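One structure below.
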Amino acid sequence: MPELQTKYEVFNQQEIGLNQQVKKLDSLKQLKQPTRKKLNEIKRLEITVSVKKLGFEKQRYLYYKTGGMLLVLIFMFTGMFGSSYWVKIKKTSPKNKEVSFTFGDFSQDVIGQQISWEATEGSGSNFLSEYLKKTNTGYKISSSSYMKFVAWSFFLIGANYIIWSFIEFFELSKKTMTFMEGGKLFFTSGGVFLLVGIFLLITTSAKVHLHMRKRKIIVGGEIIPFQQVYALQLLEKFIEGKSSGGYFCYELNLITKEAVRFNLLNHGDKQYILSDTVKISKVFKVPVWNKGVL
């Protein structure tokens, strides 16, 4: 912030200097019979003012882009830390009673002996990235507010740079933009951030729907009737980090009567995944097979 303040003060001084030169040029042009010296000064100022105006406007748009990015970053970090704090408050709330639950014994079940206990997902977060949420039609599993703030921040950072870059082009170039110029400007300004944001917004939408009235669940592009749900599988897995030692996270998988597994939840908050597992098991009225999540 002190550096930005300093640059802003320099910018204001440059604006004052430019306005003084513009006024001087206007006054010189008002002369009816300017001397050769005045004519030379007029030509020099015309070039100087034109170049400075262009550089000044480019610098102005740079500040617009930087200011917009700072606002988005404030939005992102406020949302991320705010959502994390809210999750912590909800977990430690006195109203959030601990529910006792008896897990089923998969070793005594034919399908339980058939299914794999390897993770269905090769990746996973070390925080609450998705959760079960009540809807008008039943329940859905979608990304947490933390992930949605990240997705929207990528989108807004990209949109900020793209919008200001296109405005700058049309204001300063005063010419028609070709398709190739538009594509180049899109990707060299903020297009990559915008596309990543769109991708994240799509992936952070609901991935599982539980329709209570229709008695069916939509997961992984499949429609599964409630009567086909046989059990739930809860397991712990270790994700190796590229720069750190890695971390543990958890999976909740749905198991059908054909011993096919579908992933429902995949994140690192054990308390939340245990709570959501109990809720889902009550919806389907099926046992939960737990391995390593204590």
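Quick grid of which residues meet (1) aliphatic (A, V, I, L, M); (2) closer than 30 Å to Ser50 by Cα; (3) open to solvent by less than 70 Å² (accessible area, probe 1.4 Å):
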{"site": "Gln108", "(1), (2), (3)": "no, no, no"}
{"site": "Lys134", "(1), (2), (3)": "no, no, no"}
{"site": "Phe149", "(1), (2), (3)": "no, no, yes"}
{"site": "Ser165", "(1), (2), (3)": "no, yes, yes"}
{"site": "Glu168", "(1), (2), (3)": "no, yes, yes"}
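Quick one: how many residues across region 278-294 are of a type in the set (Phe, Trp, Tyr) and over 14 Å from Ile217 (Cβ atoms)?
Final tally of qualifying residues: 1.
Of the residues in region 33-78, how many are of a type in the set (Val, Ile, Thr), open to solvent by 80 Å² or more (accessible area, probe 1.4 Å) and under 26 Å from Ile157 (Cβ atoms)?
2
Considering only region 1-18, state which residues are of a type outside the set (A, V, I, L, M, F, W, C) and exposed (fewer than 11 other Cβ atoms within 10 Å of the Cβ).
From region 1-18, those of a type outside the set (A, V, I, L, M, F, W, C) are 2-3, 5-9, 12-15, 17; that's our starting set.
Across region 1-18, the qualifying residues are Pro2, Glu3, Gln5, Thr6, Glu9, Asn12, Gln13.
What pairs come up if the first residue lies in region 242-267 and is under 15 Å from Ile224 (Cβ atoms), the second is open to solvent by 60 Å² or more (accessible area, probe 1.4 Å) and hydroxyl-bearing (Ser, Thr, Tyr), and their beta carbons are under 8 Å apart, counting only those six or more places apart or on different chains?
Matching pairs, first to second residue: Ile255/Tyr230; Thr256/Tyr230; Lys257/Tyr230; Ala259/Tyr230.
Is there any pair linking a residue in region 9-33 that is closer than 18 Å to Thr48 by Cα to one that is of a type in the set (Asp, Glu) and at pLDDT 80 or above, with Cβ under 8 Å and at least six apart or on different chains, and which?
Sorted first by the residue in region 9-33, then by its partner, the pairs are Leu25/Glu46; Leu28/Glu41.
For region 223-294, list the strands (runs of 3 or more DSSP E) that sit wholly inside it and hold at least 1 residues that are modelled with pLDDT under 95 and among the hydroxyl-bearing types (Ser, Thr, Tyr); which are they? Let's see the steps before the verdict.
On the way: elements: 229-239, 247-256, 261-267, 288-291.
In region 223-294, 247-256 are the strands (runs of 3 or more DSSP E) which contain 1 or more residues that are modelled with pLDDT under 95 and among the hydroxyl-bearing types (Ser, Thr, Tyr).
If you go through region 165-172 one residue at a time, do you hit one that is among the acidic types (Asp, Glu) and touching a residue at least 40 places away in the same chain (Cβ under 8 Å)?
yes
Could you say whether any residue in region 103-111 is within 16 Å of Glu251 (Cβ to Cβ) and part of a loop (DSSP other than H, G, I, E, B)?
Going through region 103-111, the residues within 16 Å of Glu251 (Cβ to Cβ) turn out to be 103, 106.
Pick out the ones that are also part of a loop (DSSP other than H, G, I, E, B) and you get 103.
Yes, the conditions are met somewhere in region 103-111.
The values are calculated or read from the model by the stated rules, or taken from the named source; none is laboratory data. Small disclaimer: the values here were computed from a predicted structure and weren't measured. Neighbour counts are summed over all protein chains in view; Cβ atoms, including those assigned to glycine, are modelled from backbone coordinates with ideal geometry. Just the protein is used for accessible areas: all its heavy atoms, side chains included, with ligands, DNA and RNA removed. Shrake-Rupley method; radii C 1.70, N 1.55, O 1.52, S 1.80 Å.
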